[in-house]
Amino acid sequence: MFPKATFIFVHRHPCAVFQSAAHMADAYYWQCYLQKPTVQDTQEFILYQGALLHRAYMEDISGVDEGRKTEVRFEDLDGDLLETVQKLYEDLGWREHFERTKPTLLRYQSSLKDFKKNAFTRELSAEAVAVVRRRWRQWFDDLGYQ
């Protein structure tokens, strides 16, 4: 569809994605329901959707030339924005453009100083982690998560 497009895939740990999706469902999905689903129904939807999206990504990205794609962990971007973006630029052959981009990244990074990410008061239960690991095993394996 876009033969000259370049793709940067930012991914997160599957357990963090599940926890975030469950929080979003609890906070926002209720506006879309005609009938209220059970927690189990909602979790099943999240697990199904996650597996479907990961499978589609892996199938689609396999058709993209190596020089037109790269992947990065969200945790790396969050931990060291400049170093991670510089590596992305190098991976994609854009090294000479990084210094020009750096001031914009620094301004963006500064704008986030008061930003508060969702902080979950409870960790996922051992049972939930086991289900996520089993149902999203391919995601763990393909993207190198433990």
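The values are calculated or read from the model by the stated rules, or taken from the named source; none is laboratory data. As the structure is a prediction and not an experimental result, all values here were calculated from the model. Backbone-built Cβ (ideal geometry, glycine too); neighbour counts: all protein chains shown. Surface accessibility is based on the protein's heavy atoms, side chains included, excluding ligands, DNA and RNA. Shrake-Rupley method; radii C 1.70, N 1.55, O 1.52, S 1.80 Å.
List of remarks:
- Prolate/oblate/rounded label for the stretch 1-69 (Cα gyration tensor, a/c 1.5): prolate
- Hz values of 3J(HN,Hα) by residue in the stretch 56-68 - Karplus curve (6.51, -1.76, 1.60), Gly and Pro given as x: 5, 4, 4, 5, 6, 5, 5, x, 9, 4, 3, x, 10
- Annotation note: trypsin sites (Lys or Arg not before Pro) in the stretch 81-132 located in DSSP loop regions with a Cβ neighbour count of at most 15 within 10 Å are LYS113, LYS116, LYS117, ARG122.
- Set of aspartates and glutamates with alpha-carbon distance to LYS36 below 12 Å, sequence-local pairs under 8 removed: ASP26
- In the set (i) 9, 31, 32, 23, 5, 0; (ii) 12, 40, 33, 14, 1; (iii) 10, 30, 23, 23, 9, 4, 1, 0, the label that goes with P(r) over Cα pairs in 10 Å bins from 0, in percent computed for this structure is (i).
- The dipole here belongs to the chain: it is taken about the Cα centre, uses +1 on the Cβ of Lys and Arg and -1 on the Cβ of Asp and Glu, and is about 320 debye.
- Counting protein heavy atoms only, the chain has 54 percent of its accessible area on carbon and sulfur, 1.4 angstrom probe.
- Note on the stretch 1-45 and the stretch 71-119: Cα centroid distance 24 Å, given to the nearest whole angstrom.
- Straight Cα distances below 20 angstrom link LYS69 to the lysines LYS4, LYS87, with same-chain residues fewer than 8 positions distant left out.
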